[in-house]
Amino acid sequence: MDLQLGDVQTTALIPLAVKASESRRKNPRVTDKKAVEIVEALGIDISKYDKFMSHEGVIARTIMLDRQLKEIIIKTPETVVINLGAGFDDRFSRVDNGKILWFDLDLPDVITARKKAFPEKERVRMIAGNILDPSWCKPV
């Protein structure tokens with residue numbers, strides 16, 4: 001997979017690398033098979049992105065956000081979720097109840113890369129845009 005990201009967008013590789021690394025552990029706290037698949041396809045050295053404090057922060061945040069989102073989805077099963085700064089996040093696969101509508105929003109070059117890694121799904125839309133520009137709201 002060819003990947004061309006700007007300097008800011010390259011930060012999307014940090015949680016990707018951490019989730020791939022965690023998923024490969026004997027007893028992972030978070031399992032993200034898609035992260036492992038993408039890292040292997042890119043052939044990147046994840047060690048430069050997977051530092052101890054970043055690792056623990058990403059894993060803690062992932063566990064907390066997944067848990068909170070699952071609680072919201074239980075209360076409102078046909079909810080709409082907007083994943084701002086989606087990067088290579090595969091949270092949809094971890095929390096999907098078969099009814100939610102999901103939007104992944106990120107900068108155009110990240111969405112271009114994301115589309116290479118994530119197949120189109122009926123209830124998942126990808127939006128290339130800037131969070132600071134309200135025009136991204138129109139497709140939602």
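Brief remarks follow.
- Residue 133-residue 63 pseudo-label distance in nm [points 7 Å out on the Cα-to-Cβ vector]: 3.9 nm
- For the cross-link pairs 19/116; 51/115; 26/121; 34/115; 19/99, the ones whose C-alpha atoms lie over 23 Å apart are 51/115; 26/121; 19/99.
- Computed label-point distance, nm, for sites residue 56 and residue 94 using a 7 Å Cα→Cβ extension: 1.8 nm
- DSSP bridge pairs, the chain: antiparallel proportion in percent, nearest 5: 10 percent
- The value of relative contact order for the chain, using C-alpha pairs under 8 Å at least six residues apart, is 22 percent.
- Nearest-0.05 FRET efficiency for residue 71 and residue 125, computed from C-beta distance (R0 35 Å): 0.90
A short reminder: the numbers here are calculations on the coordinates, not readings from a lab. These numbers were taken from a predicted model, which means no experiment stands behind them. Neighbour counts are summed over all protein chains in view; Cβ atoms, including those assigned to glycine, are modelled from backbone coordinates with ideal geometry.
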